[in-house]
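Enquirer: Quick one: this structure, given as structure tokens, is what I'll be asking you about.
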Amino acid sequence: MNKIFENKTALVTGASRGIGAAIAETLAAHGAHVILVARDAEALEKVEERIHAAGGSATIAPMDLLENGNIGKLGQAIASRWDALDILVLNAATLGTLTSVQAIDGNEFVRVMSLNTLANQALIAAFHAMLVKADKAEVVGITSSVGAQPRAYWGAYGASKAAFDTLLKSYADENENPGKIRVHVMDPGATRTTMRARAFPGENPEEVKDPQVVADALVERLKSDAPTGETFRVD
């Protein structure tokens, strides 16, 4: 396989399963050293083992991104080991309960917004200095169509993704002139994940695409000369 990301360092959140794991393994297969972030240490270790077995390189960082101070500590730890961060994939998210707007539980809504939006802003803040040090950095945010096209009962999750998209596109605009950081907003579409199964319990999972399709599409996007700040969908 072409080692197009050789000597590059990538960080992927939500890397223990699904789209995050597929992206992490694919970036590693293309030569990147991948830092795997998620809460489930055992699941992260399995992803790391698969990467190493395939000849790749990875480091795990098990943590809850919502625990006070964890993102700052992660940023400090990585900055102490690597000079620059070449690829940042913001994939970790939570669905919450699909319900009418008036029935949204306030505490759950806070958690959805905190992980899907606030934690991602904190990650950008923690790693911006390292991204600037890269020759050319790539920031990828995994979004959803419900952020741009509101849907009944998806109000909480959709609101979190709409806010996330706005943050990413603002960040893209802020960094367009220096030209060192390119931002990609990726809508994976219907994909065979645990979150998808929760949202559509009656759906046959074999009828939706495998996460590897999304990972491969992302690699092609990173290889391209696509402009910063665009949303692209994987069909």
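Enquirer: Using 10 Å bins from zero, what percent of all Cα-Cα pairs in the range 170-235 falls into each bin?
Expert: 20, 39, 25, 13, 2
Enquirer: Taking Cα atoms of the chain, Rg/Rh with Kirkwood Rh, to two decimals? Can you show the working numbers first?
Expert: On the way: Rg = 16.8 Å, Rh = 17.9 Å.
Here the Rg-to-Rh quotient is 0.94.
Enquirer: Still on this structure: So how much accessible area does Leu118 have, in Å² to the nearest 10, using a 1.4 Å probe?
Expert: That residue has around 110 Å² of solvent-accessible surface.
Enquirer: To continue, here is another question. Which order do Arg81, Arg196, Arg111 take when ranked by solvent-accessible area (1.4 Å probe, heavy atoms of all protein chains), largest first?
Expert: Listed by decreasing accessible area, they come as Arg81, Arg111, Arg196.
Enquirer: Of Ser145, Ser114, Ala126, which is farthest along the charge dipole of the chain in the positive direction, counting Lys and Arg as +1 and Asp and Glu as -1 at C-beta?
Expert: Going by the charge dipole, the pick is Ala126.
Enquirer: Can you tell me the convex hull volume per residue for the range 1-81, based on C-alpha atoms, in Å³ to the nearest whole number?
Expert: Roughly 76 Å³ of hull volume per residue.
Enquirer: In whole percent, what relative contact order does the chain give with Cα contacts below 8 Å and a gap of six or more residues?
Expert: 19 percent
Enquirer: May I pose another question? What's the angle, to the nearest 10 degrees (0 to 90), between helix 211-223's Cα axis and the longest principal axis of the chain?
Expert: 50 degrees
Enquirer: Using helices alone, what [θ] at 222 nm do you get for the chain, with -39,500 (n - 2.57) per DSSP H run of 4 or more residues, divided over all residues and rounded to the nearest 500?
Expert: -13000 deg cm²/dmol
Enquirer: Here's a follow-up. Which sequence of His52, His30 reflects their accessible areas, 1.4 Å probe, from the largest down?
Expert: Ranked list, largest accessible area first: His52, His30.
Enquirer: Pairs of Cα atoms under 8 Å, at least six residues apart: use those to get the relative contact order of the range 132-235, whole percent.
Expert: Relative contact order, the range 132-235: 32 percent.
Enquirer: Can you tell me the equivalent ellipsoid semi-axes for the range 87-172? Use √(5λ) from the Cα gyration tensor, largest first, whole Å.
Expert: On the way: eigenvalues 150, 31, 14 Å².
Its equivalent ellipsoid spans semi-axes of 27, 12, 9 Å.
Enquirer: If the only charges are +1 at each Lys and Arg Cβ and -1 at each Asp and Glu Cβ, what is the size of the charge dipole of the chain around the Cα centre, to the nearest 20 debye?
Expert: Value, rounded to 20: 160 debye.
Enquirer: Specify which residue in the list Thr194, Ser170, His33 is farthest towards the positive end of the charge dipole of the chain, using unit charges on the beta carbon of Lys, Arg (+1) and Asp, Glu (-1), about the Cα centre.
Expert: Positive-end residue among those listed: Ser170.
Enquirer: I'd like to check one number: the per residue accessible area of the chain, probe 1.4 Å, reported in Å² as a whole number.
Expert: Dividing the accessible area of the chain by its residue count gives 47 Å².
Enquirer: When the accessible area of the chain is computed with all protein chains present and a 1.4 Å probe, what percentage of it is carbon and sulfur?
Expert: Its accessible area is 49 percent carbon and sulfur atoms.
Enquirer: What angle do you read, to the nearest 10 degrees and between 0 and 90, between the alpha-carbon axis of helix 119-133 and the longest principal axis of the chain?
Expert: The answer is roughly 20 degrees.
The values are calculated or read from the model by the stated rules, or taken from the named source; none is laboratory data. This structure is a prediction, so every number in the text was calculated from the model and none was measured. Please note: Cβ atoms are built from the backbone with ideal geometry, for glycine as well, and neighbour counts cover all protein chains shown. For the accessible areas, the whole protein counts, side chains as well, though only heavy atoms, and no ligand, DNA or RNA atoms are used. Shrake-Rupley method; radii C 1.70, N 1.55, O 1.52, S 1.80 Å.
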